[in-house]
1. Report every pair of residues separated by at least 6 positions or lying on different chains whose Cβ atoms are under 7 Å apart, first residue within the stretch 35-63 and part of a loop (DSSP other than H, G, I, E, B), second surrounded by 11 or more Cβ atoms within 10 Å (Cβ to Cβ).
2. Restricting attention to the stretch 1-30, report how many residues are in contact with a helix residue (DSSP H, G or I) (Cβ under 9 Å, 6 or more places away or on another chain) and in a helix (DSSP H, G or I).
3. Say whether the condition of being exposed (fewer than 12 other Cβ atoms within 10 Å of the Cβ), β-branched (Val, Ile, Thr) and out of contact with any strand residue (DSSP E or B) (no Cβ under 8 Å at 6 or more places or on another chain) is met by at least one residue in the stretch 13-33.
4. Picking from Arg57, Arg49, which residue would you name as being within 23 Å of Phe16 (Cα to Cα), surrounded by 11 or more Cβ atoms within 10 Å (Cβ to Cβ), in the same structural domain as Asp24 (by TED's automatic domain parsing) and modelled with pLDDT of 90 or more?
5. Is there a residue being loosely packed, with under 15 Cβ neighbours inside 10 Å, modelled with pLDDT under 90 and among the polar types (S, T, N, Q) anywhere in the stretch 62-78?
6. Determine if the stretch 102-115 includes at least one residue that is of a type outside the set (Ser, Thr, Tyr), loosely packed, with under 14 Cβ neighbours inside 10 Å and more than 26 Å from the chain's Cα centre (by Cα).
Amino acid sequence: MAIRAYRPAHVERLAFIRHCRALDVPLAEVKRLLDFVAHPDANCGDINRLIDEQLARVRARLKSMRALEKQLAALRAQCQAGNSAADCGILHELVAAAHGEACACHGASAKLGSQKGGRS
């Protein structure tokens with residue numbers, strides 16, 4: 001097995017890419033950032049916009065994840081330990097939602113077809 005020897009510039013470039021990816025920056029945007037590294041005289045306004053867009057994506061995902069957390073907590077509150085599966089409130093809610101009925105985690109907005117032949 002051969003061991004690769006990288007030049008310091010390559011190690012720095014790989015570390016830059018790894019750091020950007022740790023910040024969940026898409027590869028296409030990492031490439032754009034590398035272009036700015038290669039052209040240090042370029043205006044950094046585009047870099048600011050690129051990071052602002054990434055920040056907006058992260059904030060949108062966080063908002064979505066907080067909503068998901070609330071939905072799961074509402075669903076979890078439907079069942080206490082010790083019930084049989086037949087009496088499990090979580091399963092009842094999931095089955096009701098599958099029939100187009102409102103469930104505890106989505107409320108009345110989750111009526112997925114109750115107007116189109118869902119259970120009455």
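The values are calculated or read from the model by the stated rules, or taken from the named source; none is laboratory data. As the structure is a computational prediction, the values presented were derived from the model and not from experiment. All Cβ positions, glycine included, derive from the backbone under ideal geometry; neighbour counts span all protein chains shown.
1. Once the first residue is part of a loop (DSSP other than H, G, I, E, B) and sits in the stretch 35-63, its partners that are surrounded by 11 or more Cβ atoms within 10 Å (Cβ to Cβ) give Ala42/Phe36.
2. Matching residues across the stretch 1-30 total 8.
3. no
4. Selected residue: Arg57, the only one of Arg57, Arg49 that is within 23 Å of Phe16 (Cα to Cα), surrounded by 11 or more Cβ atoms within 10 Å (Cβ to Cβ), in the same structural domain as Asp24 (by TED's automatic domain parsing) and modelled with pLDDT of 90 or more.
5. no
6. yes
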